1. Taking the stated definitions as given, is residue 96 under 17 Å from residue 165 (Cα atoms), outside any loop (DSSP other than H, G, I, E, B) and at pLDDT below 90?
2. Counting only residues that are assigned to a helix (DSSP H, G or I) and touching a residue at least 12 places away in the same chain (Cβ under 8 Å), which one in segment 104-117 is surrounded by the most Cβ atoms within 10 Å (Cβ to Cβ)?
3. (1) surrounded by 14 or more Cβ atoms within 10 Å (Cβ to Cβ); (2) in a helix (DSSP H, G or I); (3) in contact (Cβ under 8 Å) with a residue 24 or more places away in the chain: which one isn't true of residue 187, the others all being true?
4. With (1) at pLDDT 85 or above; (2) in a helix (DSSP H, G or I); (3) hydrophobic (A, V, I, L, M, F, W, C) as the list, and residue 213 as the residue in question, which single condition is left unmet?
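The values are calculated or read from the model by the stated rules, or taken from the named source; none is laboratory data. What you see is a predicted model, and the numbers here were worked out from it, not measured in a lab. For neighbour counting, all protein chains shown are included, and Cβ atoms are generated from backbone atoms with ideal geometry for every residue, glycine included.
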Amino acid sequence: MTTLHPASLAVVLIRSGVAAAMKRSSPAAAAKRSSHVIALPVLLSLTAVAGAFPWDKDMVDQPSAKPQESEAPMDAAGVPVAGGETMPTPVTEAGMFEAKDAAVLLENPIPATPESVAFGQYLYEINCMVCHGPEGRGDGPVGLLLATSPVDMNDAYTQDQGDGQLFFTITRGRVTMPYYRDALSVEERWHVINYMRATFQSPSQVAEAAAPVVESAAQLGEPSAQIGASAEQIGE
C-alpha cells in the first residue's frame, strides 16, 4: 500500500472535492474551480521552498549586534576594565588582608587642595553617600538595609589606615562594599580620599587638633598677666 505525503493527500482530497462540485455546477464556475486546482500545487510547492529558509528562527537569533560584542571607543575619561589596574586581586580572605597591609606603602599623588577636596565631595555624594551617609556614619539609605553596616568614616579604624589602604578598599571592595574600580578612575579615588581626610575625623583626631588651640589660649593668658603687673608698677 502506497502512503501519500500529507501535502499530496490534501491535493487529492481537494481535487476530488472540486471535481464533484464541478459536476454539480455551471461551466463558468467549473472553469474557475479548475484554475484553483491548478494553482494549489504551485502554492504548496512555494510553501515547501519557503520553509527551507531560516525564517522560523526567533528574533534573538537574527544577525544583529549583541551587547559588548564590539569594542567601545575609548574615551579620555574612560576607566579601563583590563590592563589598567596594578592593584593585586586576592582570591582568599588572608590574601585580602595581606594585600591591604602592603597597600600602606602607596602614596597619595594628589595634593589635598581645596579643589581636590571639593571634587572628592562631589564624587563621594554620587558613589558613597548612599551607604556611608552624608556624615560618614554608615547610615545612608542603602547602608541601613545591609546586614553588615558600612564602616563609620569617623572611626579610628578607618582614619588610622593609610591613604593606600583606603585606596585598596575603594578599588577592590570589602565585605558588603562593592569595588569601585569601574566607577571611579584612579585619580578620582584619590580625590575621594582627600575629601574623607578633610571631612571625617575620629574623636582622637578632633582632640589632637583642639589641643594646640587650648595651649595657645593659655599662653596668651600669661602676657596679659604680665601686662597687668606692669600697669601696677607704673601706677606705683
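1. Details: under 17 Å from residue 165 (Cα atoms): yes; outside any loop (DSSP other than H, G, I, E, B): yes; at pLDDT below 90: yes.
Judged against the criteria, residue 96 is a match.
2. First pass over segment 104-117, keeping only residues assigned to a helix (DSSP H, G or I): 104-105, 114-117.
Still in the running and touching a residue at least 12 places away in the same chain (Cβ under 8 Å): 104-105, 116-117.
Values: 104: 14, 105: 9, 116: 20, 117: 18.
In this case the residue turns out to be 116.
3. (1)
4. (1)
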